[in-house]
Amino acid sequence: CTIAPPPRHTAVTFAFAPTTSQSPRLIHSFARQTSVTSSPFRSILGSLFSTTEEVDPGVIEGTDLRVLKYPHPALRAKNEEIPLEALTGPGSDIAKIAKEMFLVMYATGGVGLAAPQVGINKKLMVYNESGDPKKWMQEVIMVNPKIVEYSQATDVENEGCLSFPDMRGDVERSKWIKVEALNLKGKKIKKKFNGWEARIFQHEWDHLDGVVYIDRLSEEGRKEVQPRLDELIAEHGEGAAL
(Lines give C-alpha, C1' and ligand atoms only; values in the text may rest on other atoms or scores of the structure.)
Protein backbone atom coordinates (compact mmCIF):
# COMPACT_ATOMS: atom_id res chain seq x y z
CA CYS A 1 0.00 0.00 0.00
CA THR A 2 1.29 3.42 0.02
CA ILE A 3 3.07 3.59 3.25
CA ALA A 4 1.63 6.38 5.38
CA PRO A 5 3.50 8.27 8.11
CA PRO A 6 2.30 8.27 11.71
CA PRO A 7 0.68 11.44 13.03
CA ARG A 8 3.19 14.03 14.23
CA HIS A 9 4.13 13.70 17.91
CA THR A 10 2.99 10.07 17.90
CA ALA A 11 5.44 7.80 19.69
CA VAL A 12 7.37 5.53 17.36
CA THR A 13 8.67 2.20 18.60
CA PHE A 14 12.31 1.52 17.85
CA ALA A 15 13.58 -2.02 18.44
CA PHE A 16 13.28 -4.51 15.68
CA ALA A 17 11.36 -1.92 11.80
CA PRO A 18 8.24 1.54 9.62
CA THR A 19 5.36 3.73 7.84
CA THR A 20 3.84 5.72 4.70
CA SER A 21 3.14 9.28 3.28
CA GLN A 22 2.46 11.14 -0.07
CA SER A 23 3.57 11.84 -3.78
CA PRO A 24 5.16 9.59 -6.58
CA ARG A 25 7.56 7.46 -4.76
CA LEU A 26 6.74 3.10 -0.99
CA ILE A 27 5.57 -5.97 13.77
CA HIS A 28 5.39 -6.97 16.67
CA SER A 29 6.90 -4.63 19.21
CA PHE A 30 9.12 -5.35 22.14
CA ALA A 31 11.07 -2.14 22.53
CA ARG A 32 10.92 1.13 24.34
CA GLN A 33 8.96 3.90 22.68
CA THR A 34 10.82 7.02 21.64
CA SER A 35 9.15 10.34 20.91
CA VAL A 36 9.61 11.45 17.30
CA THR A 37 11.06 14.67 18.69
CA SER A 38 13.84 12.96 20.66
CA SER A 39 17.46 12.48 19.62
CA PRO A 40 18.89 11.04 17.38
CA PHE A 41 15.79 10.88 15.20
CA ARG A 42 14.51 14.40 15.81
CA SER A 43 15.59 16.10 12.60
CA ILE A 44 14.73 13.13 10.36
CA LEU A 45 11.37 12.15 11.78
CA GLY A 46 10.26 15.73 12.24
CA SER A 47 10.20 16.18 8.47
CA LEU A 48 9.12 12.65 7.52
CA PHE A 49 6.07 12.65 9.74
CA SER A 50 4.78 16.11 8.84
CA THR A 51 1.68 14.64 7.17
CA THR A 52 -0.84 14.05 9.92
CA GLU A 53 -2.73 11.24 8.24
CA GLU A 54 -3.53 9.69 4.89
CA VAL A 55 -6.50 11.13 3.05
CA ASP A 56 -9.08 10.08 0.44
CA PRO A 57 -8.67 12.73 -2.28
CA GLY A 58 -11.59 11.60 -4.43
CA VAL A 59 -11.05 12.52 -8.09
CA ILE A 60 -7.36 13.07 -8.84
CA GLU A 61 -6.47 15.34 -11.73
CA GLY A 62 -4.37 13.58 -14.38
CA THR A 63 -5.31 9.99 -13.57
CA ASP A 64 -8.22 7.59 -13.20
CA LEU A 65 -6.23 5.42 -10.79
CA ARG A 66 -7.47 5.08 -7.21
CA VAL A 67 -6.08 3.37 -4.13
CA LEU A 68 -7.89 0.08 -3.57
CA LYS A 69 -8.96 -0.74 -0.06
CA TYR A 70 -8.62 -4.08 1.70
CA PRO A 71 -9.96 -6.70 1.04
CA HIS A 72 -9.93 -5.98 -2.71
CA PRO A 73 -8.67 -9.13 -4.49
CA ALA A 74 -5.99 -7.19 -6.41
CA LEU A 75 -4.09 -6.78 -3.13
CA ARG A 76 -3.69 -10.57 -2.86
CA ALA A 77 -3.35 -11.45 -6.56
CA LYS A 78 -0.15 -12.64 -8.22
CA ASN A 79 1.90 -9.82 -9.72
CA GLU A 80 3.64 -10.29 -13.06
CA GLU A 81 7.18 -9.26 -13.87
CA ILE A 82 7.43 -6.50 -16.45
CA PRO A 83 9.25 -7.66 -19.63
CA LEU A 84 12.46 -5.91 -20.58
CA GLU A 85 11.07 -4.89 -23.97
CA ALA A 86 8.43 -2.77 -22.19
CA LEU A 87 11.13 -0.63 -20.58
CA THR A 88 11.88 1.89 -23.30
CA GLY A 89 12.29 5.01 -21.19
CA PRO A 90 10.18 8.03 -20.16
CA GLY A 91 7.61 7.66 -22.97
CA SER A 92 6.77 4.03 -22.28
CA ASP A 93 3.45 2.76 -20.93
CA ILE A 94 5.19 1.73 -17.70
CA ALA A 95 6.60 5.24 -17.28
CA LYS A 96 3.10 6.68 -17.71
CA ILE A 97 1.72 4.30 -15.10
CA ALA A 98 4.51 5.25 -12.69
CA LYS A 99 3.78 8.96 -13.24
CA GLU A 100 0.12 8.44 -12.43
CA MET A 101 1.02 6.36 -9.37
CA PHE A 102 3.00 9.33 -8.07
CA LEU A 103 -0.04 11.56 -8.56
CA VAL A 104 -2.12 9.15 -6.49
CA MET A 105 0.55 8.80 -3.83
CA TYR A 106 0.94 12.54 -3.31
CA ALA A 107 -2.80 13.15 -3.36
CA THR A 108 -3.38 10.56 -0.64
CA GLY A 109 -0.55 11.76 1.58
CA GLY A 110 1.70 8.72 1.12
CA VAL A 111 5.44 8.20 0.65
CA GLY A 112 5.25 4.99 -1.35
CA LEU A 113 2.87 3.10 -3.60
CA ALA A 114 2.89 -0.34 -5.20
CA ALA A 115 1.08 -1.05 -8.47
CA PRO A 116 -1.30 -3.67 -6.97
CA GLN A 117 -2.68 -0.96 -4.71
CA VAL A 118 -4.14 0.77 -7.76
CA GLY A 119 -5.33 -2.45 -9.38
CA ILE A 120 -2.31 -3.07 -11.63
CA ASN A 121 -0.86 -6.48 -10.84
CA LYS A 122 2.65 -5.84 -12.06
CA LYS A 123 5.93 -5.65 -10.16
CA LEU A 124 6.25 -1.89 -10.08
CA MET A 125 6.69 0.45 -7.13
CA VAL A 126 7.30 4.14 -6.62
CA TYR A 127 8.28 6.20 -3.60
CA ASN A 128 9.55 9.53 -2.40
CA GLU A 129 10.91 9.37 1.12
CA SER A 130 9.99 13.03 1.73
CA GLY A 131 6.38 12.66 0.63
CA ASP A 132 6.75 16.14 -0.88
CA PRO A 133 5.88 16.52 -4.59
CA LYS A 134 8.10 19.62 -4.71
CA LYS A 135 11.08 17.36 -3.95
CA TRP A 136 10.67 15.42 -7.18
CA MET A 137 14.40 14.71 -7.38
CA GLN A 138 13.85 12.22 -4.56
CA GLU A 139 11.33 10.20 -6.55
CA VAL A 140 12.31 6.58 -7.14
CA ILE A 141 10.76 4.12 -9.60
CA MET A 142 11.66 0.45 -9.36
CA VAL A 143 10.66 -2.27 -11.82
CA ASN A 144 10.76 -5.98 -10.85
CA PRO A 145 12.49 -5.20 -7.53
CA LYS A 146 13.77 -7.89 -5.21
CA ILE A 147 15.56 -8.00 -1.90
CA VAL A 148 18.80 -9.94 -2.13
CA GLU A 149 20.04 -9.47 1.44
CA TYR A 150 18.52 -8.50 4.79
CA SER A 151 20.23 -7.33 7.96
CA GLN A 152 19.78 -9.56 10.99
CA ALA A 153 19.28 -6.46 13.09
CA THR A 154 15.67 -5.26 13.12
CA ASP A 155 13.55 -2.33 14.30
CA VAL A 156 9.91 -1.97 15.22
CA GLU A 157 7.95 1.07 14.13
CA ASN A 158 4.32 2.03 13.73
CA GLU A 159 3.09 1.70 10.14
CA GLY A 160 -0.02 2.65 8.25
CA CYS A 161 -1.18 1.85 4.74
CA LEU A 162 -3.40 3.71 2.31
CA SER A 163 -5.23 0.48 1.52
CA PHE A 164 -6.10 0.20 5.22
CA PRO A 165 -7.62 3.57 6.14
CA ASP A 166 -7.98 4.65 9.76
CA MET A 167 -5.72 2.00 11.25
CA ARG A 168 -2.06 1.48 12.15
CA GLY A 169 0.16 -1.12 13.80
CA ASP A 170 3.68 -1.93 14.95
CA VAL A 171 5.74 -3.83 12.37
CA GLU A 172 9.18 -5.42 12.70
CA ARG A 173 11.51 -5.05 9.71
CA SER A 174 15.21 -5.28 8.90
CA LYS A 175 17.28 -2.17 9.55
CA TRP A 176 18.99 -2.40 6.18
CA ILE A 177 18.49 -4.30 2.97
CA LYS A 178 20.25 -4.77 -0.35
CA VAL A 179 18.03 -4.66 -3.42
CA GLU A 180 18.16 -5.18 -7.16
CA ALA A 181 15.70 -3.77 -9.68
CA LEU A 182 15.39 -2.29 -13.16
CA ASN A 183 14.83 1.35 -14.05
CA LEU A 184 12.52 2.62 -16.79
CA LYS A 185 15.23 2.05 -19.40
CA GLY A 186 15.78 -1.55 -18.35
CA LYS A 187 19.09 -0.79 -16.65
CA LYS A 188 19.88 -2.87 -13.58
CA ILE A 189 19.93 -1.01 -10.27
CA LYS A 190 21.71 -2.20 -7.13
CA LYS A 191 21.17 -0.28 -3.91
CA LYS A 192 21.51 -0.60 -0.17
CA PHE A 193 18.73 1.01 1.86
CA ASN A 194 18.98 1.92 5.52
CA GLY A 195 16.48 3.04 8.12
CA TRP A 196 13.44 4.88 6.79
CA GLU A 197 14.08 4.07 3.12
CA ALA A 198 14.61 0.41 3.99
CA ARG A 199 11.25 0.36 5.73
CA ILE A 200 9.44 2.04 2.84
CA PHE A 201 10.93 -0.42 0.37
CA GLN A 202 10.06 -3.48 2.47
CA HIS A 203 6.47 -2.27 2.93
CA GLU A 204 5.93 -1.68 -0.79
CA TRP A 205 7.84 -4.80 -1.82
CA ASP A 206 5.51 -6.87 0.36
CA HIS A 207 2.61 -5.64 -1.78
CA LEU A 208 4.30 -7.05 -4.87
CA ASP A 209 4.29 -10.45 -3.16
CA GLY A 210 0.63 -10.25 -2.13
CA VAL A 211 1.59 -9.50 1.47
CA VAL A 212 0.02 -6.61 3.41
CA TYR A 213 1.18 -5.02 6.61
CA ILE A 214 -1.51 -6.62 8.78
CA ASP A 215 0.13 -9.97 7.97
CA ARG A 216 3.14 -8.81 9.98
CA LEU A 217 1.31 -7.61 13.08
CA SER A 218 1.66 -9.40 16.38
CA GLU A 219 -1.33 -11.33 17.68
CA GLU A 220 -2.12 -8.44 19.99
CA GLY A 221 -1.71 -5.89 17.21
CA ARG A 222 -4.05 -7.85 14.95
CA LYS A 223 -6.71 -7.96 17.66
CA GLU A 224 -6.52 -4.19 18.00
CA VAL A 225 -7.27 -3.56 14.32
CA GLN A 226 -9.72 -6.43 13.75
CA PRO A 227 -12.83 -4.31 14.37
CA ARG A 228 -11.75 -1.91 11.62
CA LEU A 229 -10.86 -4.82 9.33
CA ASP A 230 -14.34 -6.23 9.86
CA GLU A 231 -15.79 -2.88 8.79
CA LEU A 232 -13.71 -2.84 5.61
CA ILE A 233 -14.74 -6.41 4.79
CA ALA A 234 -18.39 -5.53 5.26
CA GLU A 235 -18.02 -2.41 3.08
CA HIS A 236 -16.42 -4.46 0.28
CA GLY A 237 -19.05 -7.17 0.20
CA GLU A 238 -18.72 -10.23 -2.03
CA GLY A 239 -15.44 -11.18 -3.68
CA ALA A 240 -13.23 -10.20 -0.76
CA ALA A 241 -9.70 -11.62 -0.63
CA LEU A 242 -8.70 -11.86 3.02
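Quick notes
- Solvent exposure of region 97-221 as accessible area per residue, Å², 1.4 Å probe: 39 Å²
- For region 62-122, the spread of Cα positions along the three principal axes, ordered from largest to smallest, is 33, 26, 19 Å.
- 22 Å tail of the calculated P(r), region 148-242, as % of Cα pairs: 38 percent
- 21 Å Cα-Cα threshold exceeded, pairs from K78/K123; K69/K190; K96/K185; K96/K187; K78/K99: K69/K190; K78/K99
- R228 contributes about 40 Å² of solvent-accessible surface, heavy atoms of the protein only, 1.4 Å probe.
- Carbon and sulfur %, accessible surface of region 109-192 computed with the full protein complex present, 1.4 Å: 47 percent
- For N79, net neighbour charge (Lys/Arg +1, Asp/Glu -1) across residues whose Cβ lies under 15 Å away: 0
- In summary, region 91-214 shows an alpha-carbon radius of gyration equal to 1.00 times the 2.2 N^0.38 Å reference for compact globular proteins.
- Label-to-label distance for L242 and E224 is 2.2 nm, based on points extended 7 Å past Cα in the beta-carbon direction.
The values are calculated or read from the model by the stated rules, or taken from the named source; none is laboratory data. Values in this document were obtained by computation on a predicted structure and should not be read as measured data. In this analysis, Cβ positions are derived from the backbone assuming ideal geometry, glycine residues included, and neighbour counts consider all displayed protein chains. Just the protein is used for accessible areas: all its heavy atoms, side chains included, with ligands, DNA and RNA removed. Shrake-Rupley method; radii C 1.70, N 1.55, O 1.52, S 1.80 Å.
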